[in-house]
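Here's the structure, in structure tokens; my notes come after.
The values are calculated or read from the model by the stated rules, or taken from the named source; none is laboratory data. Keep in mind it's a predicted model, so treat the numbers as computed, not measured. Neighbour counts run over all protein chains shown; Cβ positions are idealised from the backbone, glycine included.
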Amino acid sequence: MAPAKVRGGGSVCQARRAGGRAIIGSVSGERGVMRIAIIGAGHVGGTLGRRWATAKDARHTVVFGLRPGDVPDAQLDEFIEGSGGAARAAPVLDAARGAEAVVFATPWKATKEAVQSAGSLAGKIVIDCTNPFAPGLTGLDVPDGGSAAEAVASWAPGARVVKAFNTTGFNIMANPVFPEGPATMFYCGDDASAKRAVHGLAAELGFEPIDAGPLSRARVLESMALLWVSLAMGGVSGGMELGRDIAFRLARRKSTA
Ligand SMILES: NC(=O)c1ccc[n+]([C@@H]2O[C@H](COP(=O)([O-])OP(=O)(O)OC[C@H]3O[C@@H](n4cnc5c(N)ncnc54)[C@H](OP(=O)(O)O)[C@@H]3O)[C@@H](O)[C@H]2O)c1
């Protein structure tokens, strides 16, 4: 699945006027349907948003959050137009305000600003997909023992933060099916109902969701992401270059003891 991108170059109002298509549809709030805001409509956000908006069994409503000056690119605009109202674009603040779940899929360095631009996230499910890789993929760019997800939680008081969709590539989020079975999607957080919701969202994409514990486990999941990148693109990080069609999968068997 091709990634959706949001690029600068005009205002949201211009997007409304110019295309008449960028801001369409409405958030339905139907039972069983989640209202999801995607902040950062690039490779990860674009892929997740498209898949949730078109999920067979639970067609969620997805709003891609735009910054002032952003306009949806042609691919995203085309997807929105063809989504039958399941997806639309809106300013970040409006997208987040109307959402039950707010997904942050922004470059790590832009994430604090992105969270702060989303207004109050208190009570909302916040899904943190970011990876705080240090330059050169030498480690994680967070204070010792911390994690991006815990930082996101500190910037969004009262939000029910779940770390998820960070331990594999966007291409695997587009299709998590492997000959051995579905890829595993590890998630962690401190709010049980938020984790149940994220579990469901991962399962709808075809992952085997696994609860990895409290939000403090995010530091482990972010290190797993570093391992995934090292294995996938060894050329830049000194690991084995296995390519992007790899994923972590939890192997289990009946006890042989
Ligand atoms: N790529 C992967 O396979 C993968 C997998 C798992 C996790 N991740 C993590 O997920 C995050 C996103 O990765 P990506 O590959 O999707 O990056 P990407 O393709 O560069 O997408 C990031 C998007 O965020 C937008 N953005 C930046 N600041 C923003 C703000 N303040 N408000 C709203 N949107 C903003 C960018 O717009 P502009 O380009 O116009 O600035 C871009 O559209 C990163 O933290 C990454 O480490 C990536």
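Listing for the model above:
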item: Residue among ALA225, ALA174, ALA218 that alone is modelled with pLDDT of 95 or more, among the aliphatic types (A, V, I, L, M) and touching a Lys or Arg at 6+ places or on another chain (Cβ under 6 Å); result: ALA218
item: Filter result (surrounded by fewer than 18 Cβ atoms within 10 Å (Cβ to Cβ) and touching a residue at least 12 places away in the same chain (Cβ under 8 Å)) within region 73-93; result: ASP73, GLN75, GLU81, GLY84, GLY85, LEU93
item: Selected residue [crowded, with 18+ Cβ neighbours inside 10 Å, touching a Ser or Thr at 6+ places or on another chain (Cβ under 6 Å) and not aliphatic (A, V, I, L, M)] from PHE165, PHE207, PHE170; result: PHE170
item: Count of region 182-202 residues which are within 17 Å of GLY169 (Cα to Cα) and either hydroxyl-bearing (Ser, Thr, Tyr) or more than 14 Å from the chain's Cα centre (by Cα) (or both); result: 4
item: Failed criterion for LEU140 (all others in (1) touching a Gly at 6+ places or on another chain (Cβ under 8 Å); (2) within 12 Å of the ligand (Cβ to nearest atom); (3) not basic (Lys, Arg) hold); result: (1)
item: Filter result (in contact (Cβ under 8 Å) with a residue 60 or more places away in the chain and either crowded, with 22+ Cβ neighbours inside 10 Å or more than 8 Å from the ligand (Cβ to nearest atom) (or both)) within region 98-110; result: GLY98, ALA99, GLU100, ALA101, VAL102, VAL103, PHE104, ALA105, THR106
item: Contacts under 8 angstrom Cβ, first residue in region 212-233 being under 18 Å from ALA151 (Cβ atoms), partner assigned to a loop (DSSP other than H, G, I, E, B) and acidic (Asp, Glu), 6 or more apart; result: PRO214/ASP190; LEU215/ASP190
item: Answer residue from region 76-97, given it is among the aliphatic types (A, V, I, L, M) and touching a Ser or Thr at 6+ places or on another chain (Cβ under 8 Å) and is nearest to the ligand (Cβ to nearest atom) among those; result: VAL92
item: Residues located in region 53-70, provided they are surrounded by fewer than 24 Cβ atoms within 10 Å (Cβ to Cβ) and either of a type outside the set (S, T, N, Q) or within 16 Å of the ligand (Cβ to nearest atom) (or both); result: ALA55, LYS56, ASP57, ALA58, ARG59, ARG67, PRO68, GLY69, ASP70
